[in-house]
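The values are calculated or read from the model by the stated rules, or taken from the named source; none is laboratory data. Because the structure is predicted, anything quoted here is derived from the model rather than measured. Virtual Cβ from ideal backbone geometry, glycine too; neighbours counted across all protein chains shown. For the accessible areas, the whole protein counts, side chains as well, though only heavy atoms, and no ligand, DNA or RNA atoms are used. Shrake-Rupley method; radii C 1.70, N 1.55, O 1.52, S 1.80 Å.
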Amino acid sequence: MVRLQNVLPSEIEAESFRIIESEFFEQTGKKITDYSEPEFRVLQRVIHATGDFALVDTIVFQHDPITAAISAIRSGGNVLTDVNMVSSGVSKVNLDRFGGKVYCGVSDPEVAVYAKDKGITRSDAAMQLYHDRNIAVLAIGNAPTALVSALKLIDEGHFKPGVIVGVPVGFVNAAESKEMLKERAVPAITVSGRRGGSPIAAAITNALLKLALLD
């Protein structure tokens with residue numbers, strides 16, 4: 001017979017995090033102390049969002065991304081996402097504490113017209129039209145074309161987000177776009193290979209926002 005845990009609604013998240021901590025070594029073969037405290041908090045939220053400890057083996061922190069993100073968020077920077085699903089998952093309440101906003105231009109009529117005229121995806125077009133909005137966190141969970149477009153803008157000196165959360169999912173250029181990200185000397189958090197997705201992008205962004213709230 002299946003036995004459910006008797007947990008109050010207000011305690012579900014805390015209990016989930018406790019379970020993740022208690023099972024971390026058994027599930028991953030890694031110690032919590034193998035990571036800095038902020039890195040583990042990011043990992044914890046990713047595992048919480050996906051139920052998948054195996055992502056620990058593929059997540060990459062490059063060029064001190066958490067410090068960069070916290071600085072940019074606390075300076076009032078905004079969050080730019082590639083799709084509405086990521087945008088809807090980001091905590092506007094926490095971001096608003098610093099005066100930031102969440103932007104996602106993929107559904108804007110202006111973006112649709114620009115994309116059709118240029119023969120590119122709307123996610124690509126949104127990066128080109130929205131990158132200049134004081135972006136603290138660029139959170140990409142779905143569209144490799146958005147990540148490639150952002151990297152091109154960075155290479156050309158037109159874009160400098162505080163941190164890139166680059167975790168597009170899929171079979172066409174998802175893994176390749178993330179390898180391109182790893183080649184750049186920019187603060188970023190990514191997941192190697194084809195795995196990724198909007199829940200992971202939102203979870204990482206929310207973890208960064210929570211860390212920025214700490215003294």
* Structure fact -> The local net charge around Gly100, scoring Lys/Arg +1 and Asp/Glu -1 for residues other than Gly100 whose Cβ lies under 12 Å from its Cβ, equals +4
* To do: Could you work out which residue, out of Ala72, Ala143, Ala14, moves most in a Gaussian network model of the chain, that is, has the largest mean-square fluctuation with Cα springs under 10 Å?
  => Ala14
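Could you do me a favour and compute the accessible area per residue for the range 104-175, 1.4 Å probe, result in Å²?
Details: 3270 Å² over 72 residues.
Accessible surface, normalised per residue, equals 45 Å².
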* To do: May I ask for the distance between the Cα centers of the range 17-76 and the range 171-187, given as a whole number of Å?
  => 20
* Asked: Once you put a point 7 Å from the Cα of Asp64 and another 7 Å from the Cα of Asn6, both along the Cβ direction, what distance in nm separates them?
  -> 5.0
* **Net charge dipole size for the chain [Lys, Arg +1 and Asp, Glu -1 on Cβ; Debye, nearest 20]** => 260
* Asked: Of Val191, Ile19, Ala125, whose Cα points farthest to the positive end of the dipole of the chain (charges on the beta-carbon: +1 Lys, Arg; -1 Asp, Glu; origin at the Cα centre)?
  -> Ala125
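Tell me the carbon and sulfur percent of the accessible area for the chain, rounded to whole percent, probe radius 1.4 Å. Please report the intermediate quantities before stating the final value.
On the way: 5580 of 10900 Å².
Carbon plus sulfur share of accessible area: 51 percent.
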* Structure fact -> Among Gly76, Gly105, Gly29, the residue with the largest mean-square fluctuation in a Gaussian network model of the chain built from Cα contacts under 10 Å is Gly29
* To do: Compare the peptides 59-69, 159-169, 87-97 by average per-residue count of other Cβ atoms within 10 angstrom and give them in order, highest first.
  => 159-169, 59-69, 87-97
* Structure fact -> For the range 76-85, in residue order, the Karplus 3J(HN,Hα) values (coefficients 6.51, -1.76, 1.60; θ = phi - 60°; whole Hz; Gly and Pro = x) are x, x, 9, 10, 10, 10, 8, 9, 5, 5
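Could you do me a favour and compute the accessible area per residue for the range 1-41, 1.4 Å probe, result in Å²? Write out the running numbers ahead of the final one.
Working: 3440 Å² over 41 residues.
Per residue, the range 1-41 has 84 Å² of solvent-accessible surface.
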* Asked: After finding the eigenvalues of the alpha carbon gyration tensor for the chain, what semi-axes result from the square roots of 5 times each, listed largest first in whole Å?
  -> 30, 18, 17
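Only Lys, Arg, Asp and Glu count, each charged at its Cβ (+1, +1, -1, -1), so figure out the dipole size of the range 107-215 about its Cα centre, rounded to 20 debye.
On the way: 12 positive and 11 negative charges, 55 e Å.
That gives the range 107-215 a dipole magnitude of about 260 debye.
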